[in-house]
Amino acid sequence: MDETATILKRLRLPGMEQCWQSLIETRRVDGMCLRDGLQLLLQAESEQRKENRNARLLKQAGFRYQATIMETRFDASRGLDKSRVMELATCAYIRRGIPVIITGPAGTGKSWLATALGHQACMLGFKVRYYNVLKLFEQVTMARIEGTLTRFFGGMADTDLLIIDDFGIRSLDKQQMLDFLEVMEDRHARKSTIIASQLPVANWYDMMKSNSTAADAILDRIVHTAQRFELKGESLRKR
């Protein structure tokens, strides 16, 4: 019995190993046929690998908050319609490369919703990255200095869901506009992007007017095909 556990460990099958140990401890091995035992072992290994994958994807995503769809408080009067959110929870929009725009005043739950959607994507096996917009451009600047910008942009292009939070917190300069355009161009109709912003979409152009040509191109790739949530009401942080 111990030899079997040793072999499973050597083969790096921790789910099977743990399940086998449990079967030994509960004296269920002798009374179980080969087919049922094998099914239990395979199921345990599959669940262990899925759990490990989800933990790895969540860590790589770099979420600032912990939020899930199940913990979200839906309120249609605040712009948070349950049916629309649950439709996005299937992650079909990610497979189709559809962007999502979440706008509203401070404290209305924009970051929470964006993170909850990102968490759900991780649970379904998608690669997700979360960035505060200021941190994003800091990393772009560092990658340019270190000569790794091409690799950085390549990594972002391969990310299934990119979440950009606090978009519009300050105006973008000409170089930032070009960098942002490259990110959006790589993702257009291929990968999904969630953008959360206090600024209404109607004011985005003014925030990007340092390069009007790039602004037109960016808005064209994001706004026209996006799913939109306009959150409203008083700040939830007051509660």
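³J(HN,Hα) across segment 220-228 via Karplus (A = 6.51, B = -1.76, C = 1.60, θ = phi - 60°), whole Hz, x for Gly/Pro?
5, 7, 10, 6, 5, 9, 7, 7, 10
Calculate, for Leu178 and Lys59, the FRET efficiency according to 1/(1 + (r/R0)^6) with r their C-beta to C-beta distance and R0 35 Å; round to the nearest 0.05. Present the calculation step by step, with values, prior to reporting the outcome.
Values: r = 31 Å, r/R0 = 0.88.
According to the calculation, E is roughly 0.70.
Along the charge dipole of the chain, Cβ charges K/R +1 and D/E -1, which of Asn203, Met177, Gly62 sits furthest on the positive end?
The residue sitting farthest along the positive end of the dipole is Asn203.
Probe radius 1.4 Å, ligands and nucleic acids left out: which of Asp179, Asp36 has the largest accessible area, and how do the rest follow?
On the way: Asp179 10, Asp36 70 Å².
Most to least solvent-accessible, the answer reads Asp36, Asp179.
Sequence-distant or interchain residues sharing an amide H contact under 5 Å with Asn132, placed H: which?
Asp165
Taking 0.36 nm per residue of separation and subtracting the Cα-Cα distance, what length does fully extending Arg228 through Lys135 add?
On the way: separation 93, 0.36 × 93 = 33.48 nm, distance 2.39 nm.
Full extension from Arg228 to Lys135 adds 31.1 nm.
Could you please state how large a percent of the accessible area of segment 114-239 is carbon and sulfur, counting protein chains only and using a 1.4 Å probe? It would help to have the intermediate numbers written out before the result.
Working: 3060 of 6240 Å².
Here it works out to 49 percent.
Of the options Asn52, Cys122, Gly79, report the single residue whose Cα projects farthest towards the positive end of the charge dipole of segment 1-122 (beta-carbon charges: Lys, Arg +1; Asp, Glu -1).
Gly79
Calculate, for Asp158 and Ala92, the FRET efficiency according to 1/(1 + (r/R0)^6) with r their C-beta to C-beta distance and R0 22 Å; round to the nearest 0.05.
Working: r = 20 Å, r/R0 = 0.90.
About 0.65, to the nearest 0.05.
Given +1 on the Cβ of Lys and Arg, -1 on the Cβ of Asp and Glu, and no further charges, what dipole in debye does the chain carry about its Cα centre, rounded to the nearest 20? If you can, show how the numbers build up before the last one.
Details: 36 positive and 29 negative charges, 54 e Å.
Once rounded to the nearest 20, the dipole reads 260 debye.
Take the alpha carbon gyration tensor of segment 71-206, find the square roots of its eigenvalues, order them as a ≥ b ≥ c, and report rounded if a/c is under 1.5; if not, report prolate when a/b exceeds b/c, else oblate. Please list the in-between numbers first.
Working: a/c = 2.11, a/b = 1.38, b/c = 1.53.
Judged from the Cα gyration tensor, segment 71-206 comes out oblate (a/c at least 1.5, b/c at or above a/b).
Using only the Cα atoms of segment 1-95, each taken as one equal point scatterer with no solvent, compute I(q) by the Debye sum, divide by I(0), and report log10 of the ratio at q = 0.10, 0.13, 0.18, 0.26 Å⁻¹.
-0.50, -0.68, -0.88, -1.34
Could you pull out the trypsin sites (Lys or Arg not before Pro) across segment 185-223 that fall in loop regions by DSSP (anything but H, G, I, E, B) with no more than 15 other Cβ atoms inside 10 Å?
Numbers: sites: Arg187, Arg190, Lys191, Lys209, Arg221; in loops: Arg190, Lys191.
Passing sites in segment 185-223 are Arg190.
Once phi is turned into θ = phi - 60°, what whole-Hz ³J(HN,Hα) does the Karplus curve with 6.51, -1.76 and 1.60 give for every residue of segment 144-154, x standing for Gly and Pro?
Those phi angles translate into 5, 5, 7, x, 10, 5, 4, 5, 5, 5, x Hz.
With θ set to phi - 60°, apply the Karplus curve 6.51 cos²θ - 1.76 cosθ + 1.60 along segment 88-100 and write out the HN-Hα couplings as whole Hz, x wherever there is a Gly or Pro.
Per residue, the Karplus-derived 3J(HN,Hα) values read 5, 5, 6, 6, 5, 5, 5, 5, 9, x, 8, x, 10 Hz.
Amide H neighbours of Ile69 under 5 Å, counting only residues 5+ apart in sequence or on other chains, H built in-plane at 1.01 Å?
Gln120
Asp186 to Ser46: FRET efficiency via 1/(1 + (r/R0)^6), r the Cβ-Cβ distance, R0 25 Å, to the nearest 0.05? Numbers along the way, then the final one.
Details: r = 34 Å, r/R0 = 1.34.
Between Asp186 and Ser46 the formula returns 0.15.
Please list, in chain and number order, the residues 5+ apart from Ile194 or on another chain whose amide H is under 5 Å from its amide H, with Hs placed from the backbone.
Amide H neighbours of Ile194: Val100, Leu162, Ile163, Ile164.
Work out how much length Thr148 to Glu25 would gain on full extension: take 0.36 nm times their residue separation and subtract the Cα-Cα distance, in nm to one decimal.
Values: separation 123, 0.36 × 123 = 44.28 nm, distance 5.26 nm.
Length gained, Thr148 through Glu25: 39.0 nm.
Note down the nm distance, to one decimal, between modelled labels 7 Å out along Cα→Cβ at Thr4 and at Leu199.
For the pair Thr4/Leu199, the computed spacing is 6.3 nm.
The values are calculated or read from the model by the stated rules, or taken from the named source; none is laboratory data. Since the structure is predicted, the reported quantities are computational estimates derived from the model, not experimental observations. Using ideal geometry, Cβ is built from the backbone for each residue, glycine included, and neighbour counts are taken over all protein chains shown. What goes into the accessible areas is simple: the full protein's heavy atoms, side chains included, and nothing from ligands, DNA or RNA. Shrake-Rupley method; radii C 1.70, N 1.55, O 1.52, S 1.80 Å.
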